Amino acid sequence: MTNRVVITGSGIWSCLGTDIQTVKESLYNGKSGVGLCPERLEYGYRSGLSGIVPTPVITKDMLSRHTRVGMPEHTQYAYMAACQAFKQAGFDNDYLLNNETGCIFGSDSSAKPVIDTYKTMETEHDTAMLGYGMVFQSMNSTVTMNLSTIFHLRGVNFTVSAACASGSHSIGLGYMLIKQGLQDIVLCGGAQETNYYSMASFDALGAFSVRMDNPQAASRPFDKDRDGLVPSGGAAAVVLESYDHAVERGANILAEVVGYGFSGNGADISKPSDEGCAVAMSRALKDAGLKSQDIDYINAHATSTPQGDMYEAMAIDRLFDNKRTLVSSTKSMTGHECWMAGVSEAVYSIIMMQNNFVAPNINLDNPDQYSEKLNLATKTVDTEVNTVLSNSFGFGGTNSALVFKKI
């Protein structure tokens with residue numbers, strides 16, 4: 001016997017909006033959240049492009065100062081997303097106090113606190129000047145350690161560090177734990193800092209678009225004239241729950257998680273693989289008991305890099321040669337949300353399922369030779385969406401694919 005796993009709450013803090021309704025409107029209207037950050041150019045970046053994510057205002061009425069000092073930027077994003085997800089799921093503070101809930105987030109860096117620590121020590125030469133909260137801000141597990149404390153989460157508690165597949169793997173692992181009966185409820189999410197310290201090493205790789213004269217047209221997944229990705233961030237969260245538990249308490253079910261697939265490329269540390277992509281997608285479909293023709297929409301990982309888009313398009317074409325399944329990359333609007341992307345794109349997919357549309361792959365003027373074989377949505381498509389495959393692939397050859405189904 002295995003449990004069915006459903007999603008009963010979702011939350012988002014992104015460049016497309018900081019609530020579900022605003023994000024829905026951005027997705028439907030193909031609105032980009034990308035802008036120009038001059039401070040990145042002043043700091044020494046090649047590219048000043050970024051997703052523009054609002055800074056949360058967390059007051060003393062929401063959290064004590066003692067708690068806030070241990071929360072770096074991306075943990076603040078995660079807190080706001082988690083508040084939304086728990087509220088939508090119908091879990092208040094009393095419920096969380098009296099019922100075991102797990103917490104798994106994808107997050108792979110906490111750069112600013114580490115650099116701030118270095119700067120303080122270089123000038124002050126006194127660890128006492130670092131203060132109480134810096135150790136909790138600088139750890140990779142800062143998100144889960146903070147959220148589990150704030151919300152009294154006493155179930156599974158750890159951080160997934162898997163590059164740009166981190167968030168997707170967090171949902172996959174939460175799904176497996178509930179499916180096996182080890183947990184009833186798990187808060188899963190992804191969080192990515194957006195400060196300029198966190199992205200300098202990526203800029204050094206020449207991976208970022210330099211189309212700064214028109215920021216909102218810079219992220220161009222699958223377009224042959226793309227010149228790189230646009231970094232972005234924020235946080236997203238979903239409440240996973242066993243189907244029986246959700247039904248018993250009368251919860252509103254947003255979607256069901258029916259498949260999780262994963263793979264490792266086992267090759268070049270930065271080069272993607274069509275084989276690795278295909279294995280992850282195939283496993284997700286097999287786990288879901290579905291065939292390629294059963295999938296209505298693929299939320300592609302496609303980040304707007306030549307190699308990454310090419311290999312994913314090759315893998316999708318290999319598995320989905322029926323040409324029925326619609327494909328788009330929401331990164332055309334958000335830029336690459338990195339560690340959070342697997343969860344934010346799950347939230348975007350659920351929004352589309354619930355509102356019967358497929359968001360467009362904007363800025364796609366000239367599909368390249370690989371993507372032109374796909375059924376790409378270049379404009380918003382009003383259509384019933386019952387099944388979604390969402391891809392996430394990361395540096396080091398870590399691949400994840402999730403399948404969601406409308407109840």
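Tell me yes or no: at least one residue of the range 365-380 is surrounded by fewer than 24 Cβ atoms within 10 Å (Cβ to Cβ), touching a Leu at 6+ places or on another chain (Cβ under 6 Å) and in a strand (DSSP E or B). The answer is yes, given that some residue of the range 365-380 is surrounded by fewer than 24 Cβ atoms within 10 Å (Cβ to Cβ), touching a Leu at 6+ places or on another chain (Cβ under 6 Å) and in a strand (DSSP E or B). Filter the range 38-54 for residues that are over 18 Å from the mean Cα position of the chain (by Cα) and farther than 13 Å from TYR197 by Cα and give the result. If the condition is that a residue be over 18 Å from the mean Cα position of the chain (by Cα) and farther than 13 Å from TYR197 by Cα, then PRO38, ARG46, SER47, LEU49 are the ones that fit. Within the range 120-144, the set of residues being surrounded by 17 or more Cβ atoms within 10 Å (Cβ to Cβ) and touching a residue at least 40 places away in the same chain (Cβ under 8 Å) comprises GLY133, PHE136, GLN137, SER138, THR142, VAL143, THR144. Among the residues of the range 97-113, those identified as part of a helix (DSSP H, G or I) and either under 26 Å from GLU193 (Cβ atoms) or touching a Cys at 6+ places or on another chain (Cβ under 9 Å) (or both) are ALA111, LYS112, PRO113. Being more than 14 Å from MET353 (Cα to Cα) and either in contact with a Lys or Arg (Cβ under 8 Å, 6 or more places away or on another chain) or not in a strand (DSSP E or B) (or both) is the filter here; which residues of the range 26-41 pass it? Listed by number, the residues that qualify are SER26, ASN29, GLY30, LYS31, SER32, GLY33, CYS37, PRO38, GLU39, ARG40, LEU41. Contact annotation: residue pairs with Cβ atoms under 8 Å, 6 or more positions apart or on different chains, pairing a residue in the range 301-312 that is in contact (Cβ under 8 Å) with a residue 60 or more places away in the chain and more than 15 Å from VAL210 (Cβ to Cβ) with a partner that is buried (at least 24 other Cβ atoms within 10 Å of the Cβ) and of a type in the set (Phe, Trp, Tyr), are HIS301/PHE393; ALA302/PHE222; GLY308/PHE393; ASP309/PHE222; GLU312/PHE393.
The residues of the range 384-393 that are surrounded by fewer than 24 Cβ atoms within 10 Å (Cβ to Cβ) and assigned to a strand (DSSP E or B) amount to a single one, THR387. Being surrounded by 24 or more Cβ atoms within 10 Å (Cβ to Cβ) and outside any helix (DSSP H, G or I) is the filter; apply it to the range 329-361 and report the residue that is nearest to the chain's Cα centre (by Cα). Across the range 329-361, the extreme among qualifying residues is GLU337.
If you filter the range 43-64 down to residues that are part of a loop (DSSP other than H, G, I, E, B) and touching a Ser or Thr at 6+ places or on another chain (Cβ under 7 Å), you find that the one that is nearest to ALA217 (Cα to Cα) is SER47.
Is it fair to say MET129 is part of a loop (DSSP other than H, G, I, E, B), over 24 Å from LEU173 (Cα atoms) and aliphatic (A, V, I, L, M)? Spelling it out, it is not the case that MET129 is part of a loop (DSSP other than H, G, I, E, B), over 24 Å from LEU173 (Cα atoms) and aliphatic (A, V, I, L, M).
Looking at the range 51-86, which of its residues are under 17 Å from MET145 (Cβ atoms) and of a type in the set (Ser, Thr, Tyr)? SER64, THR67, THR75, TYR77, TYR79 - these are the residues of the range 51-86 that are under 17 Å from MET145 (Cβ atoms) and of a type in the set (Ser, Thr, Tyr). Across the range 132-153, the number of residues qualifying as in contact with a strand residue (DSSP E or B) (Cβ under 9 Å, 6 or more places away or on another chain) and either assigned to a helix (DSSP H, G or I) or not aliphatic (A, V, I, L, M) (or both) comes to 9. Filtering VAL258, VAL343, VAL247 for residues that are modelled with pLDDT of 95 or more and out of contact with any Gly (no Cβ under 9 Å at 6 or more places or on another chain) leaves a single hit, VAL247.
Screening THR117 on (1) under 25 Å from the mean Cα position of the chain (by Cα); (2) buried (at least 18 other Cβ atoms within 10 Å of the Cβ); (3) in a helix (DSSP H, G or I) shows it passes everything except condition (1).
The values are calculated or read from the model by the stated rules, or taken from the named source; none is laboratory data. Please read all numbers here as calculations on a predicted model, not as lab measurements. Heads up, the Cβs are rebuilt from the backbone with ideal geometry, glycines too, and the neighbour counts pull from every protein chain shown.
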